[in-house]
Amino acid sequence: MTPRPVLTPKTINTFATFVQNLLDHDSLIRRLLRGLGWVTLTPLIMLRKLPQVFAAGALLLLAYSILGTGGLVLLLVLPLITWVMWRLAHPDSAEQVAAYVRGRWRYRRIYRKHWPTIAAACGLSIPGAFGRQVAPELIGVTAYPAADALHVRLLAGQSPADYADRADALAHAFGASQVRVRSDQPGTVTLLFSTGDMLTDPIPAMTLDAQDVDFEALPVGFTEDGSPYRLRLLYSHVLTAGATGSGKGSALWSTVRALAPAVPSGVVELWGADPKGGIELAMGRALFSRFTADDEPGDMVQLVTEAADLVRARSKRLRGHSRKHVPTADEPFVVLIIDELAYLTDYQDDIKLKHQFNKALKVILSQGRAAGISVLAFVVQDPRKSVVDAHNLFPAKIALRLDTASEVEMVLGKDAWEHGAHAEAIPESLPGTGYVLVDGDPTPVRIRFTWVTDDDIRATARDYPAPPPAPPRHGFTVVTDTDDQDDDTTGEVA
């Protein structure tokens, strides 16, 4: 009689089904095994921790017997007192520790538990052995006061764009108001889950530090995770666009105030052009070395033309010596502030002046960064490309509240909205709130500029006036620069 085979197809299928159910995170078999393990291991875990329980109890009894009830209470509240004193004395280091503790707790209690299931539901997992789903590895969680940053290792074949496409699904799955995606290094992605909003309340004007003005990191506001936002202006140009009432004045004066402590020494010069007759800039007139404000555009066009001439002159002097100008009192950092840019680029009737202005502006934008001359321009209501023809020459772009998603695309580029820059969704109750996009970083940053009052502007102009005009100087500073990534032809910094 032929012996019956042990491994029949039916047996193999039954075994494969058992293994698949065993590997399935939500299967009944796995739940039973997990429950059995919990019943078996819990007494052992309690036994392992029992010495700690006895030690804590013995310490409390000893404190009570020696110090009495008051001493026992003091012992219990001492950690809280220590923490409060630490927060007051060294808030930065205390917040780092608190963020680490919050991150570990939320990682263990929320994200690690649900991440595999949610990743699979959102289409971010890939098929593995026995039909199981392999989820991307959750490396860790960093908890901020109003956001959780999930650090995820990409699976083979994935890119940050795959996560950006599923950002809304991830937000709803974890109960977050919004998820934004950024890629800090190859092979990983950071998912920023908004758990609150640190930008709902107006931010008062910052205290100015006359001893520490970094033109490449100007403190102008705060990000949604509560950290200061620092704007790079030296070796850059900044374009800010927004609808009426979006808080353009906050963006302008937050930046000017951050520059102000360096104005009296002459290391930075502010040149201002205000087509609205000086309504915006005239209150801080004392801060400006050059200032034009008139209904007639001729003087403003002349100011921009002179700035373009200065770019050419500096570039010529730097040629063969250095590719990057370092500001000094003799050769200052010049910031050309243009309010209502659209009036000068598109709306003015004089075609000759319009052409002259656009030509000079493009010279500054294409060559002025390395020469230490930057443009800080503002567009209100109309961000069309025909209005800002040199849009792509601004390395930094800021979108305050706008009317439509298409306008966000005009200002920040077509991918910014998909990465979470929903400037059209900013409520009118949050003026000064916007998204910043800097060349080289595809992830927009949501910030809110400080609220600068008229009294703040007057006080700043009083305390940091521009020095009186000095006789023309023809010297310049030569600085050795070995940065091979700079552009030799245009003088632009990479």
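Descriptive notes on the structure:
- Residues of segment 77-94 satisfying the condition of being assigned to a helix (DSSP H, G or I) and either in contact (Cβ under 8 Å) with a residue 24 or more places away in the chain or out of contact with any helix residue (DSSP H, G or I) (no Cβ under 8 Å at 6 or more places or on another chain) (or both): 77, 78, 79, 80, 81, 82, 84, 85, 88, 89, 91, 92
- The requirement of being among the aliphatic types (A, V, I, L, M), loosely packed, with under 13 Cβ neighbours inside 10 Å and closer than 17 Å to residue 149 by Cβ is not satisfied by residue 84.
- Residue within segment 373-390 that is over 27 Å from residue 287 (Cα atoms) and either free of Cβ contacts under 8 Å to residues at least 24 places away in the same chain or not assigned by TED's automatic domain parsing to the domain that holds residue 423 (or both) present: no
- The strands (runs of 3 or more DSSP E) located wholly in segment 166-257 that include 1 or more residues which are modelled with pLDDT of 90 or more and among the small types (Gly, Ala, Ser) occupy 218-223, 238-242.
- Selection within segment 131-142 - outside any strand (DSSP E or B) and either surrounded by fewer than 16 Cβ atoms within 10 Å (Cβ to Cβ) or out of contact with any Ser or Thr (no Cβ under 6 Å at 6 or more places or on another chain) (or both): 131, 132, 136
- Single unsatisfied condition, residue 123 versus (1) at pLDDT below 85; (2) surrounded by fewer than 15 Cβ atoms within 10 Å (Cβ to Cβ); (3) touching a Lys or Arg at 6+ places or on another chain (Cβ under 9 Å): (1)
- The single condition among (1) under 20 Å from residue 416 (Cα atoms); (2) of a type in the set (Val, Ile, Thr); (3) without any contact (Cβ under 8 Å) to a residue 24 or more places away in the chain that residue 134 does not satisfy is (1).
- Some residue of segment 332-349 being assigned by TED's automatic domain parsing to the domain that holds residue 457, of a type in the set (S, T, N, Q) and at pLDDT below 90: yes
- Complete set of residues in segment 234-266 that are within 14 Å of residue 378 (Cβ to Cβ) and among the aliphatic types (A, V, I, L, M): 238, 239, 241, 243, 251, 252, 256
- Note on segment 396-414: residues that are surrounded by fewer than 18 Cβ atoms within 10 Å (Cβ to Cβ) and either under 16 Å from the mean Cα position of the chain (by Cα) or hydrophobic (A, V, I, L, M, F, W, C) (or both) amount to 1.
- Residue count for segment 427-486 under the criterion of being surrounded by 18 or more Cβ atoms within 10 Å (Cβ to Cβ), at pLDDT below 85 and of a type in the set (S, T, N, Q): the result is 1.
- Among the residues making up segment 290-309, those that are surrounded by 20 or more Cβ atoms within 10 Å (Cβ to Cβ) and over 13 Å from residue 357 (Cβ atoms) are 291, 293.
- Residue satisfying all of: in segment 380-395; in contact with a helix residue (DSSP H, G or I) (Cβ under 9 Å, 6 or more places away or on another chain) and modelled with pLDDT of 90 or more; surrounded by the most Cβ atoms within 10 Å (Cβ to Cβ) among these: 394
- The residues listed here are 255, 292; of these, the one that is assigned by TED's automatic domain parsing to the domain that holds residue 351, in contact with an Asp or Glu (Cβ under 8 Å, 6 or more places away or on another chain) and among the β-branched types (Val, Ile, Thr) is 292.
- When residue 128 is tested against the conditions (1) out of contact with any helix residue (DSSP H, G or I) (no Cβ under 8 Å at 6 or more places or on another chain); (2) buried (at least 17 other Cβ atoms within 10 Å of the Cβ), the lone failure is (2).
- Selection within segment 143-165: residues that are of a type outside the set (A, V, I, L, M) and buried (at least 19 other Cβ atoms within 10 Å of the Cβ). The member of this set that is modelled with the lowest pLDDT is 144.
- Filtered residue count, segment 279-306, keeping only those that are within 19 Å of residue 467 (Cβ to Cβ) and small (Gly, Ala, Ser): 3
The values are calculated or read from the model by the stated rules, or taken from the named source; none is laboratory data. The shown structure was predicted, so the numbers you read here are calculated from the model rather than taken from an experiment. Please note: Cβ atoms are built from the backbone with ideal geometry, for glycine as well, and neighbour counts cover all protein chains shown.
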